[in-house]
Amino acid sequence: MDVESEYNAKFEQLCNGIPNNKYILEVTKLCGYGEFNTIYKKQTLLDLYAIVALQFDREIIQIFFLNDITKEKIKIPISNSITIQDFIFKYNSGHELIIKPIYPVPCKIVYRLYYDDGHSHNGTICELSNIL
């Protein structure tokens, strides 16, 4: 196996293994711009805040999911005692998924997470209503 083939095989293995112990999140700003990020399922909600702050290099006012049924905010508390896995499970343990994957099968499961950094564009405050 040549070096490039070895690299491609290892990179594919890395990508295919992500769902085993991490969540894939599409972190979306209130202006609609979003990027993928991953977090270990056992990391805390406090870790999530730190990851998002590092990703966008901005102070965060609030991070939340949207209730897929009611479109209401599910605010994510700043907590070092709750894992992201426990938080998602809390909302998805009933008959209906409250926090649903945003891409269809056969795509890997990706949850959309919103974050508010208080940013504005040309004097217009970015709000959730702008992207719903």
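When Ile88, Ile39 are checked against the criterion of being out of contact with any Cys (no Cβ under 8 Å at 6 or more places or on another chain), under 20 Å from Asn21 (Cβ atoms) and part of a strand (DSSP E or B), a single residue qualifies: Ile39. For segment 1-41, a residue qualifies if it is farther than 30 Å from Gln62 by Cβ and of a type in the set (A, V, I, L, M), and the qualifying residues are Met1, Val3, Ala9, Leu14. Residue check: Ile69 meets all listed conditions (1) loosely packed, with under 15 Cβ neighbours inside 10 Å; (2) in contact with a Phe, Trp or Tyr (Cβ under 6 Å, 6 or more places away or on another chain); (3) β-branched (Val, Ile, Thr) but one, namely (2).
Restricted to segment 25-60, and to residues there that are aliphatic (A, V, I, L, M) and touching a Phe, Trp or Tyr at 6+ places or on another chain (Cβ under 8 Å), the residue that is surrounded by the fewest Cβ atoms within 10 Å (Cβ to Cβ) is Ile60. Residues in segment 71-110 that are of a type in the set (Phe, Trp, Tyr) and within 14 Å of Leu45 (Cβ to Cβ): Phe87, Phe89, Tyr91. Within segment 7-55, restricting attention to residues that are in contact (Cβ under 8 Å) with a residue 24 or more places away in the chain and among the β-branched types (Val, Ile, Thr), the residue that is nearest to Asn80 (Cα to Cα) is Thr44. Scanning segment 1-26 for residues that are more than 22 Å from the chain's Cα centre (by Cα) and aliphatic (A, V, I, L, M) returns Met1, Val3, Ala9. If only one of Glu96, Glu59 is touching a Gly at 6+ places or on another chain (Cβ under 9 Å), assigned to a loop (DSSP other than H, G, I, E, B) and modelled with pLDDT under 95, which one is it? So the residue among Glu96, Glu59 that is touching a Gly at 6+ places or on another chain (Cβ under 9 Å), assigned to a loop (DSSP other than H, G, I, E, B) and modelled with pLDDT under 95 is Glu59.
The values are calculated or read from the model by the stated rules, or taken from the named source; none is laboratory data. Remember, it's a predicted structure, so these values are computed and weren't measured experimentally. Backbone-built Cβ (ideal geometry, glycine too); neighbour counts: all protein chains shown.
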